[in-house]
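These notes concern the structure reproduced below.
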Amino acid sequence: MRRKNNRSQSSKHQSGAVLLVSMVLLVLLTLIVVSAIKSTNVNSKIVGNMQRQHEAEAASQQAVEALISQNFMADPVAAKARISATVDINNDGAPDFDMAVAVPTCKGVKPLEGLDLDVTNADDQKCFASSSGPGGDGSIHLTSGTTQASICSQTNWDISVTATDHNGSGATASTHQGIAVRVGPGATC
C-alpha cells in the first residue's frame, strides 16, 4: 500500500513541466519547418529568374547570329527587318522574347597588312594578288609577315540586340557585339 501512496503523492506535486517543455520544442520545430519552406520558395524563384535571364541572353545571341549569318553589309536596314521580332526559345509555339534589333553600324574600314594574312590560307591568297605584281600578271607579290598593305580590307561593324521577356517577368538581356568582316578592294562603310 505504501507504494500506492507514494505514487499518488508524487503525482500531486507534478506541475506539468514536461508538457511545457514539449510544447516549446514543438513550436520551435514548427518555426524551423516554416522557415525552411519559405527559404525553398525564395530559392526556387531566384533560380527561375536566373533561368529566364539566361534564356533572354540566349535569345539575344540567337538574333545576333541570325543577323550576321546573312549578307547584312549590303543593306543593313533590310537585314535588320529580316530578323524576327519575337523568339520562341523553348519551341512551344508561343513567343517568349520580344527582340529589339538595332541597325548594324559600320564603324570603319581598315586596310589589311601582310602581317594580318596567311599565304597558305585560300581566303587570304586573293588579298595578295594584284595586277601590279611583277609582270602585271596578277601573281602573288606579297609575303606573309610583311607590313605592306594588301588589296583587302576589314570592315568593323557594331551590332546591338535587346531581348525582353514577352510574358512580363522583367527579364531583359542586351547583346552588343563587334564584327569584323573581310572585304575586297574599294570597300567603304
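Details
- Normalised convex hull volume, the stretch 31-87, alpha-carbon set, Å³ per residue: 64 Å³
- The distance linking the stretch 23-49 with the stretch 160-182 is 36 Å (Cα centroid to Cα centroid, whole angstrom).
- The length gained on full extension between Val119 and Leu25, counted as 0.36 nm times the residue separation minus their Cα-Cα distance, comes to 25.8 nm.
- Shape category assigned to the stretch 29-183 from the gyration tensor of Cα positions, a/c cut at 1.5: prolate
- Here the Karplus relation 6.51 cos²θ - 1.76 cosθ + 1.60, evaluated at θ = phi - 60°, turns the backbone of the stretch 111-122 into coupling constants of x, 8, 9, x, 5, 7, 10, 10, 4, 7, 8, 4 Hz, with x for every Gly and Pro.
Where a number appears in this text, it was derived from the coordinates with a stated rule and is not lab data. In this text the structure is predicted, and so the values were computed from the model without any measurement.
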